[in-house]
Structure formats: C-alpha cells, structure tokens
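Shown next, in structure tokens, is the structure this report addresses.
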Amino acid sequence: MSRALARRKRAEARFRLMGRAAIAFALLALVWVIGSVLVMGAGALTHHRVEVSAMELVDPALVSASDLGAQQRRSDFQDGTQSVLATARLDQYLKGRDVVLSAEQVATVERWREQGRISRGFNTTLFTRPDSRDAERAGLKTALFGSLIMLALAAALALPLGIATAVYLDSFAPRRGWGGRLTRALEVNINNLAAVPSIVFGLLGLAVFINLVGLARSIALVGGLVLALRMFPTIVIASRAALESVPPRITDGALCLGASPVQVVFGTKLPMAGPGILTGSILGLAQALGETAPLLLIGMIAFMTEAPAGLTDPATSLPVQVFLWSDGAETAWSERTAAAILVLLGLLLLINGAATALRARLDHRR
Amino acid sequence: MTNHSLEREPKFRCRSVSVHYGSFQALHDVDIDIMDRGVTALIGPSGCGKSTLLRVFNRMNDTIANARVTGSVTMDGQDILGGDIDPVSLRARVGMVFQTPVPFPKSIYDNVAYGPRLHGLARTRAELDAVVENSLRRAGLWDEVSDRLSMPGTGLSGGQQQRLVLARAIAVDPEVILMDEPASSLDPIATARLEALIEALKARYCIIIVTHSMAQAARISDRTAFLHQGRLIEYDATERLFTNPGDVRTQDYITGRFG
Amino acid sequence: MTDPTPLYMLVLSALLCAAVFYHVRDGARRRVFLAGQRPHSRSRYHGALAACAAAAACSVVYGVGLALRPAGDVLFDAGWMAATGLLGWLAGWMVSRRSTMAFRARPHVERIVRIALAALSTLAVLVTLGIVASLLFEALLFFGDVSIVEFIFGTQWSPQTAIREGQAGQSGAFGAVPVMAGTLLITAIALLVAVPTGLMIAIYLSEYASRRTRALVKPMTEILAGIPPVVYGFFALLSVGPAVRSLAGALGANVPTQSALAAGLVMGIMIIPLISSLSDDVINAVPQSLRDGSYALGATRSETVRRAVLPSALPGIVSAVLLAVSRAIGETMIVVMAAGRGATLSANPLDSVTTVTVQIVALLTGDQVFDSSKTRAAFALGLMLFALTLILNVVALIVVRRYKERYA
C-alpha cells in the first residue's frame, strides 16, 4: 500500500512539473520572440552621420549619394560642411557588424573618425521618410500613413455595422418559428465568419472589389474595405457578449417604467454595454492593424515611395512593410525589419493599453 | 455543559478544533468524541459550522485555498491533522457523500470502480467486478442497475445517483462515511430508502451525518451534536438531547424558535 | 472614383437631414409648449421621423443620379444637388404637416429603426455569400481547365510553368496532394507543440496555481496571442530557422533554413494561447463538486484532473483542438516567410514544404495576368481551405453546444 502510495506521489510531482514546464516553455517563447526582435531592432534605432564639406568628393559606398545630392541642392552649406547619412554599409561597419570594406575605405573612415566627423544619433529617417531601395534611407512614413488611413476607413465602416448587427441579434431578432431559425443561422454564420482564415477575405476582396467592381489594385480603399470585413464579425461577437452581460433586471426596470423596447435598448442597454463594446472593438482594431495576408492578395506588395493622400491612392501598411523588408538579405534590412516590428508592437501595446485604461475609467464611473 | 465522553474508545477525538477561512473563524474550539459503529448527527442552523466540522474528519478543508485548521484530531489514537499524515490515504479510510450527488461523467461501473482503481484494491478484472457488485449491493442499487452498468451514471434519477455516490464511497472500503446533508436533494421516498440504508450500514461503519432535518437526526442517529455560530453547544445521546436538552439554545432550536 | 462630387452629395444629404430634424422637432416643441398638453410622442420623434423621410428621399435621388450621371457635366451636378435638397425638404415637410398632439411618431420611428437594424445585420450573410460565390465562380472556371480529379489526387504541383501562348494543352501541373501534405505536416507539428503545452498550462493555472501566479501568467500567454502573425514569420525566418539549421548541422544533418519544423514550431507557439484559454474556460466550468467527489475518494490532485476533470471537459478540449487545427491550416504569414515554396511531397519535418496558403499567395502576388489557370488555381485552393475550416468550425461549435447543454 505505501509503495503504491509513493508511486502515486511521484506521479503527482511529475504532473505538477509538467505543468510548470509548459508555462516555462510558453514564457520562454515569449521572451525569445520579443527579445530577438528587440535585440535586432535596437540597432536600427540609431544611425551614423558624417560631416561632409561642400567641395569634398566622397565615396558613394560610404555616404548616401542621393542624400548628399539632395542636401547640396538645398544649398545648406553655410558653414561649409553638412551632416550626411552614412550608407547602411558604413553604418553596419561602424556598429561592428561583419562588413568588409576595402583598405582605402577603412583609411578614410579612420581619418573621419579622428577628425570627429562621424556622429551617431537617433534614426529619424526610419519614421519620417518613405520606403527606399537603400536601407539607410528607408523609412516607415508610407506604411504608417497607409495603416492609419485603412484602419480609419475600416473602423468607420465596421463599427456602426457591427454594433447595429449585435444590437439587432441581441434585442430585436425573432426567436421563434421561421424567423428564429433564420436568426440562429445568422448567428452561426457570424461565428464561422470570425474563424474563416484571413487570407480568404483577401480572395474575396480580389474577386469582388477588384475583378467585379473594377477598383484599382493595392489602393487604400480596397484595403480598408477588406479590413472592415475582417473586423466585422469580431466586433459583432464582442458587442453581443457585452450586451448579453447587461443584467435583465435593469432592462426589466426600464420596461416597467413604460419605455418602449427601442428606448430600452438605446437608452439603457447600449450605454451600459458601452465599455465592453469599446474594448471588443478596439481589440478588433488591433487585430486588423496586424493583418497582412489579405492585403498581399489585393496587391499591396508593390514598392511604394509615396504616402497615400486619399482613399484611391496606392497604399501599404505596417505589417506588409515588415514582410517586404524581411526579404532583404543584408543585416541592415533585418535590423530595420525588426525596428518596424517594434513600431508595430508599440502601436499594438498603445491600442491595448488605451482599451484597458478606457475600460477601467468607464467601469469606474458607473 | 458539553458532554463529550463516551463509554467506548472513540473513533475520532477532537480537542479545541478551530477552523478559519481567511480572517473568518468558522469553528471555535470544538471538543467532540465520535463513536465507532454508529450514527452521529451534526445539527444546527445554516452557517453554524457543521459542514466545516464534517470536512475536518477527512481534511477536505485542505482543498480550500485559504482554510486553516488548528487543534488536534485523532482517529484511532493517531493524529490526522499533522503534516506526516497524508490526506490522500486518510480519505481512502474516510469516505464522503455530498449534498448533491455528482457522478463522474463515466459509466455506472466506472464510477464505482474509480476508487478501487486509484488505490489498486483489485488486482484482476474479476476482483474489480466483485468489488463493484458488492458496493452496489450494499448501497441498495444493484437490483436497479445490474443490467445497465455501462450506462452513464449521470442518467440515473436523483435518489439513484445519491446511492451510486454512496456505492462509490463504499467501494474504497472505508472505516468512516461522512454524509453532508445527503437527503436534501431527494424526494421523501428516496429519503426513506437512504435512511434505511444508513440504518443497515451503521453496523459496519462509523457514520457522521450533517442534516438540516431534526426529524431525520432523531430517526437515524445514536448521538447528536448541536452546533451554533461555530461552537459546539451540546452533544449527547440523541434521545436525551431531543427530549431533555441541557442548553436553552438547543431547546430553542429543536422547538423551532430559530434556525 | 477620383471625382469627389458623389461624396459631397452624401455630406449635403446628411446636413439636410440634420436640418429637417431640428426644424421639425422645434416646431413640434413650440406647439406643445403653446398647448400645454402631453403629446403622444415627444417632439424629438417628430423630428426623427421627418429626418427619416428626408433621408429616404435623398437616397433615392442619390441613387438615380449616380446611375444617370454623365461624367464631368457641371449642369447635371447642379441639378442633382438642387433635386436632392428640394425633394428631401419636401419629404420632411410632408411629415411635419401631420405633426400634431395625437401624431404617433414614435412607433413609426421605432419600426424604421428595427427594419434598418435588420437590414444592416444581413451584411454578414452578404459577406459569406460573397466569399462562397467568388470562390465557387473562379474555382469552377479552374475546374473547366483542370479536371477536379487531377486537382484532388494529382501528386505534381508546379503551376509556375504556366500556359504559354500558342502551345495548346501545355499547362502547369495542378495536383494538390503535395500542397495538402505540406499543410498537414506543418499543422501536425504545430499541434504537437501547442496541444500538450496549452493544455498543461490550462490545467496548471486552474488546478494548481495560486491566484497570484494565475494573474501573472495568464496575461503573458495572452500577449503571445496578440502578436501579429507577420512578427512570428520574421521570428521563424531569422531566429528559429537558423537555430534549427545549426542544431541539425551539429547533429550532422543538412537542413534548409526554411523547414517545416521551424514553421510548425513557431506556429505551435502562436496557437498555445488559443488552446490554453479555451481549455481554461472549459476546465473552470467543471463543477467543483465533481472534484470534491474525487478528492473524497482519496484521489490525488493529478488523479482528479486526469480521471474526473479532463473526461468532463473533454468535449470542450476537443473543440479547442479543432479550432486550433482550423487556425493552423489557415495561417498564412508564418508559412509564407518560413516554410518555403517548393512543392515537395515529403513527411520529413526537416524538409522545406509548401502549404495551401503559401501557394495562394505565390499564385496571386506575381505580375501575371488574371484569368489564367494559375490565378484560378488560387481560388480553387481557397475554396478547399474555406470548406475545410468551415467544417472544422461547425463541428467544434456543435461539440461545444453539446457540452454546454450537459452543464446548463
């Protein structure tokens, strides 16, 4: 008996250990994902610049020639020198990465370094410039604008539609007979739509908006529409959950005071479900911000150097930019990709933080 | 005054047992001796601590995160609150039946075989069959379910489920059976069957039963303890306690002035 | 579409409706004030009904105008705007004429609200129909070119040798078996990682962990769920892929950076929170009395979990796994970035394999013309993917509903 008991005790300890190991594995994975992106992306947050005098002839392999040209045209050479972007190659060399420069180039760099002409500063290019073929000049402006414009459109379409659908299903949809059957079919339909792989929404966008309606490929309008369709079921489900959590005694109370069903829903139920709806919607927005696959299918894979000004301009988005940059072979590109991911994760963190804070505030006020 | 001495050597001997749930004290310094081979009833108004006391005997309070038990409880002279005693093997000796019967989502057979399988009480399939049949017979359920042992236990009626859970407890071959208001979810007929069963089982087991119904306590128990606000008020032979209570609170309770 | 006039028309209509609302409401309010009685409906409903009428008139004019409109005709646009304003105002005015004490405006408005909500909620159906129709339409065209038998049973997938002009009958090979096999291989690897890990996390958090550990670990796993797939793709490509490669290299095997193992591993990590949170829900839904019953029989914690809790929670866990499968086969970015594109038929997790989603992306993101067998093949694959995930989701829903009925 006691030996059997000892065996059972060991099994118990083993089981508990397995649970701990599983948690450790998940946390380790989290640390590994975030950590590897952080370590790689941190390098791209700073960049080297070189002070170049007006008349100097410099090696285009060391200093960004197009940047130099642009600066000279602007005739900013008042004091005779100007700070110019180092090329990705030079920058990587200065950061101690594995880059081979010729002896002559090394000598030049050493001379600049002695003269104190090389400085390292925050990489503003990454945030203020559009995409470029040169890693040192590539920035996220296009992608940030594209994401912003498409998310705004998607939210403007999906939020009212999603909330309206949730309100209808929760409060007005028929529950009995044939109508009830239709309602249940609609509910199942929405649940399934939420679980349809996002790439299918890309196929839908391609077939309907581009091939059927005839909108241009890769424009912000199509991207926003596809993201709206993607967000819609998420918002409906979150809003329904929030509406259902309003206790019936409250709506009953309103009905007893002679309010009509529509007045109860819009005057009592919807405001009470507000924080929940808001949180769910914001999470849907976050999901749409990270969405990549459907956007690739509607043609947002082209190289884009201009931020979209309107809905009918070609656009790209932050995650798509991550995908495009991840193709680059040099470490300068993978650094920038990781930095773009950091920006994306930062935005998601901001959105989620805002959702939590808003929710806490609204809940508190009640 | 509390009378806790017994003629025979008691099965359980509790001395100044207190139970805290977080900062709330559910039981205050209870001294009680429980006799073997007989029925002891714990009565008292809701929240008086009778279920808490019951859960002391098989250390079920261990499963509640913030519960703390102090004092001393011995079973056959052996301390059962100490760290060296293993609650798992204790519970194999002290069976328990709950207020609402919750069969496992398995067949009737597997429900009864659950304990024997855990503790390795049967070496062969035939032995296990025998244990299951024996337990179901003792729980008075065999005749009703012998032809459908592979059906889910959740498909039985409430009274049958309660007897199934009892058979499940008996199958581990315990020395003590704790019952926490076993009849509260049963109809009068099922309750009568259960009471007859308890009557038959008390020859073999030490039975401690928590009950809401004073009539039930009077019918089936040999000794009755009355608890009030976490304190043991009175403990005596059932007949004496109900006919000649020594404390005014017991008097008030059994005559229905509160509770 | 660059022509902004239709947009201005919408703004104009909205402004008009707002104006009608305030005008009629204030009119009704004045009359009530003068009469000093209680009307049937409050004045705001009079206004809302008038605004609804105006909106209806405006949308009719808008629709008709949009259909008839010649491009760049300023005169037409001016007339269009005037018609919108006039008819909208007229509709509002007709309602306002009936605006008396006894006018039952509220029931009318509420009926309109209900109908509008019902109409809006049909969008979900329209989207689904759109998906099915577009997938079916293109896929059927595809099956006109390539026989369905070849598509389902063919073991050769090389769509890159596309149809060349003037070379009749010469097309790429469209046998989907290698593509399906790759998808299943990666899904299997992902599940091997995610199911044990996710399940053990759920069990530990609900049965063993203190409240503090739970409050700490649960949000952490949810962060894992909030990371976009493209980030996992990058992670697989630059961290896990090379790690797998060098590990296998140390053991003497030559493994490409893009391997099924790397993609499956990372996909598994991504799916862990899905499994753990769904399982956590169902394990917590198992009544405490069931656990007590098991403890009272002398079972240890792990015995209680394995023999009493898990069997009760099994349907919920099965549906969680089904949803995870559906998620894994539909996942795109990780495999696009980390699994490779060559359609090799292999069960070796160290090989580079391709998946349904990878092929869809590959077929549709080149510079090819539309309406070739290549692009249509993507829709056929999409149809397959859609049908597969749909079946998995429906089965998961049914299993979960059964489970809920049991513990209702």
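The values are calculated or read from the model by the stated rules, or taken from the named source; none is laboratory data. Only a predicted model underlies this, so the values are computations on that prediction, with no experimental measurement involved. Every residue, glycine as well, gets a Cβ built from its backbone with ideal geometry; the counts of neighbours run over all protein chains shown.
Worth a mention:
- Matching residues, segment B:202-259, being among the polar types (S, T, N, Q), closer than 30 Å to B:Ala139 by Cβ and assigned to a helix (DSSP H, G or I): B:Gln216, B:Thr238
- For segment B:122-142, the set of residues classified as touching a helix residue (DSSP H, G or I) at 6+ places or on another chain (Cβ under 6 Å) and among the small types (Gly, Ala, Ser) consists of B:Ala122, B:Ser135, B:Ala139, B:Gly140, listed by residue number.
- Annotation: of all residues in segment B:72-106 being part of a strand (DSSP E or B) and surrounded by fewer than 18 Cβ atoms within 10 Å (Cβ to Cβ), the one that is farthest from the other protein chains (Cβ to nearest Cβ) is B:Ser72.
- Set C:Val336, C:Val305: member being at pLDDT below 90, outside any loop (DSSP other than H, G, I, E, B) and within 14 Å of chain A (Cβ to nearest Cβ): C:Val336
- Residue tally, condition in a loop (DSSP other than H, G, I, E, B) and either within 46 Å of the chain's Cα centre (by Cα) or touching a residue at least 60 places away in the same chain (Cβ under 8 Å) (or both), over segment C:20-37: 1
- Residue check for A:Ala216: small (Gly, Ala, Ser), surrounded by fewer than 24 Cβ atoms within 10 Å (Cβ to Cβ), within 18 Å of A:Ser317 (Cβ to Cβ) and in the same structural domain as A:Pro160 (by TED's automatic domain parsing): yes
- Residue in segment A:97-116 that is β-branched (Val, Ile, Thr), within 30 Å of A:Ala307 (Cα to Cα) and part of a loop (DSSP other than H, G, I, E, B) present: no
So that you can scan it fast, the table gives a plain yes or no per residue for (1) within 14 Å of another protein chain (Cβ to nearest Cβ); (2) β-branched (Val, Ile, Thr); (3) in contact (Cβ under 8 Å) with a residue 12 or more places away in the chain:
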site: A:Val100; (1), (2), (3): no, yes, no
site: A:Thr108; (1), (2), (3): no, yes, yes
site: A:Pro130; (1), (2), (3): no, no, yes
site: A:Ala152; (1), (2), (3): no, no, yes
site: A:Asn189; (1), (2), (3): yes, no, no
site: A:Ala195; (1), (2), (3): yes, no, no
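- Among the residues of segment A:125-158, those identified as farther than 22 Å from A:Thr292 by Cβ and either under 16 Å from the mean Cα position of the chain (by Cα) or assigned to a helix (DSSP H, G or I) (or both) are A:Thr125, A:Thr128, A:Glu136, A:Arg137.
- Take the conditions (1) out of contact with any Asp or Glu (no Cβ under 7 Å at 6 or more places or on another chain); (2) crowded, with 19+ Cβ neighbours inside 10 Å; A:Glu306 misses just one of them, which is (2).
- Filter result for C:Ser246 (modelled with pLDDT of 90 or more, more than 10 Å from chain B (Cβ to nearest Cβ), under 30 Å from C:Ile186 (Cα atoms) and in a helix (DSSP H, G or I)): no
- Looking only at segment C:103-127, and only at residues there that are β-branched (Val, Ile, Thr) and buried (at least 19 other Cβ atoms within 10 Å of the Cβ), the one that is nearest to the chain's Cα centre (by Cα): C:Val127
- Condition met for A:Leu295 (under 20 Å from the mean Cα position of the chain (by Cα) and either exposed (fewer than 15 other Cβ atoms within 10 Å of the Cβ) or within 30 Å of C:Phe379 (Cβ to Cβ) (or both)): yes
- Counting only helices (runs of 4 or more DSSP H) that sit completely within segment A:260-343, those holding 1 or more residues that are modelled with pLDDT under 90, within 12 Å of chain C (Cβ to nearest Cβ) and within 30 Å of A:Ser171 (Cα to Cα) correspond to A:261-264, A:270-290.
- Only one entry in B:Ile208, B:Ile170, B:Ile189 is of a type outside the set (Gly, Ala, Ser), out of contact with any strand residue (DSSP E or B) (no Cβ under 6 Å at 6 or more places or on another chain) and either at pLDDT 90 or above or crowded, with 23+ Cβ neighbours inside 10 Å (or both), namely B:Ile170.
- One residue alone among B:Arg123, B:Arg117 is among the basic types (Lys, Arg) and not in a helix (DSSP H, G or I), and that residue is B:Arg123.
- Among the residues of segment A:346-355, those that are more than 7 Å from chain C (Cβ to nearest Cβ) and either of a type in the set (A, V, I, L, M, F, W, C) or in contact with an Asp or Glu (Cβ under 8 Å, 6 or more places away or on another chain) (or both) comprise A:Leu347, A:Leu349, A:Leu350, A:Ile351, A:Ala354, A:Ala355.
- Breaking point among (1) on the phi < 0 side of the Ramachandran plot; (2) modelled with pLDDT under 90, for C:Phe235: (2)
- Residue within segment B:41-56 that is away from every other protein chain (no Cβ under 14 Å) and within 20 Å of B:Ala139 (Cα to Cα) present: yes
- Checked against the criteria, A:Ile210 does not count as modelled with pLDDT of 90 or more and either within 29 Å of A:Gly290 (Cα to Cα) or aromatic (Phe, Trp, Tyr) (or both).
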